[in-house]
Amino acid sequence: MKNVKFIFLFAMAGLFTLSCTHDDCDCDEPTPQESETQVPLKIASDSVLVAQGNAFAMKLFAVTNAQNPNDENLVISPLSLNMALAMVWNGAGGDTKTAIQTAMGMDDYAPESVNDYFKTLREGLTATDAENTQLALANSIWYQPEFPVKQPFIDLNMQYYNALVQQLDFSRADACDILNAWCSDNTNGLIDDMFQPPIQEDVVMYLINALYFKSVWADSLAFDPEKTFDTYFYPNGYQQEHISVKMMHQTNDFQYFEDETLQLLTIPYGNGAFTMSFLLPKANVSFTEMLTALNAPNYWNNCLNSRYLRENYDVYIPKFKVRYDTGTKLIPILTELGMGVAFSSSADFSGISEVPTCISQVQQKTYIDVNEQGTEAAAVTVIGMVTTSVAHPQFYANRPFLFVIQEESTDAVLFMGKINKPAYE
């Protein structure tokens, strides 16, 4: 289906209840019942990090949307991307570390706070509403056997992100199969083609996050398949162009908000720990204008906090199933968000290895299925690292080369040249 843009934001405040939202929160240990509906944040600053993560999500989606054709479906997972970035950020230094942290929307926080926040999310989200919801977050790091990886980098990512760390010769014929099997195993088979052979020969490391979510609508809020009907969807607003869709319908009580810019409707899953919010721009407001409003400070949170129970409300939502692949788009997007240095030869990832490296690939594949019973969704984010100066075991001049003849004490250059077609007679 064309023009369904959906924000896949498990890290956003609208999708789970936080147990601490103010600095004066007592942050008591949750009761067993509370733990099923809350992600217990251990320090008050965690709630600020959530807000910053939400701001990152909105900014990321706005930039991604701006770089997509108008008729393309778009599904991204800011949480999956942010967690993958956090792992590689643990090996960054200097301006590179600052740039990644800024792009992640987590300025001015010590590494311990950021890592502890992601650990809290990883452990808390997967334990929330286990009766109705399957949610899995998995991380892994794969590297070439001859690539020297620093142990503190490995230890950090194992401790906070529960990352599987594995050596893998990427030149093996089955290397892509091994990586794809891990992605498939951690997304319930939904994403099994993340890697395509051959792997670029200078890749020395992959950092991967996999996210899987499946849940049913809350009791009494499931859609009756008998009420689903065929109708039209208008990709360009109420213009002549239209496509056929399966439209779900029900009349019920929903959390709702509207202003001059948008309508917001929230449908809970399971016991209410997770929800899905639908944001529809008003008839005289474009989708881009709505995104601009959502990026204004505090606007999104104000929308959520202003919701009220709208009773006996008619709701029509199309069924949709989308697969999306960012391809190479995330690098220019993250560059626009201030992370450009991480993709250049001046990148500082000295926390990973003494061998100079930079990020060569940031890619995400997502899947979502929204139907009468609930939602199933998955995301895999891959960050690829390459060396920026490779130490070769031998000097084998079998390609064009430069020569320089100089006087050593003065460095005065006497001759220099390029040999492109060597010949000797």
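Mind checking the stretch 268-367 for trypsin sites (Lys or Arg not before Pro) that DSSP puts in a loop (not H, G, I, E or B) and that have at most 14 other Cβ atoms within 10 Å? Don't skip to the end; give the middle numbers.
Values: sites: 282, 307, 310, 319, 321, 323, 329, 365; in loops: 282, 307, 319, 329.
For trypsin sites (Lys or Arg not before Pro) across the stretch 268-367 that sit outside H, G, I, E and B with at most 14 neighbouring Cβ atoms in 10 Å, the list reads 282.
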Violations at 27 Å Cα threshold for listed pairs 227/365; 319/365; 119/214; 97/329; 227/282 -> 227/365
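Once the other residues with Cβ under 12 Å from the Cβ of residue 213 are scored (Lys, Arg +1; Asp, Glu -1), what is the net sum? It would help to have the intermediate numbers written out before the result.
On the way: positive: 214; negative: 129, 369, 376.
Overall, the nearby charge balance is -2.
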In whole angstrom, the spacing between the Cα centers of the stretch 151-202 and the stretch 345-388 equals 11
Of the stretch 315-332, those with amide N under 20 Å from the point 7 Å along the Cα→Cβ vector of residue 95 are 331-332
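If you take the square roots of the eigenvalues of the alpha-carbon gyration tensor of the stretch 225-320 and sort them as a ≥ b ≥ c, do you get rounded (a/c under 1.5), prolate (a/b over b/c) or oblate? Don't skip to the end; give the middle numbers.
Values: a/c = 2.11, a/b = 1.11, b/c = 1.90.
Judged from the Cα gyration tensor, the stretch 225-320 comes out oblate (a/c at least 1.5, b/c at or above a/b).
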To the nearest 20 debye, the stretch 225-320 has a Cα-centred charge dipole, built from +1 on Lys and Arg Cβ and -1 on Asp and Glu Cβ, of 220
FRET efficiency for residue 258 and residue 226 from the Cβ-Cβ distance with R0 = 30 Å, rounded to 0.05, comes out at 0.55
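Quick note: the coordinates plus some simple rules give every number you see, no bench work behind them. No experiment lies behind these values; they were computed from the predicted model shown. Because the Cβ atoms are built from the backbone with ideal geometry, glycine has one as well, and the counts that use them run over all protein chains shown.
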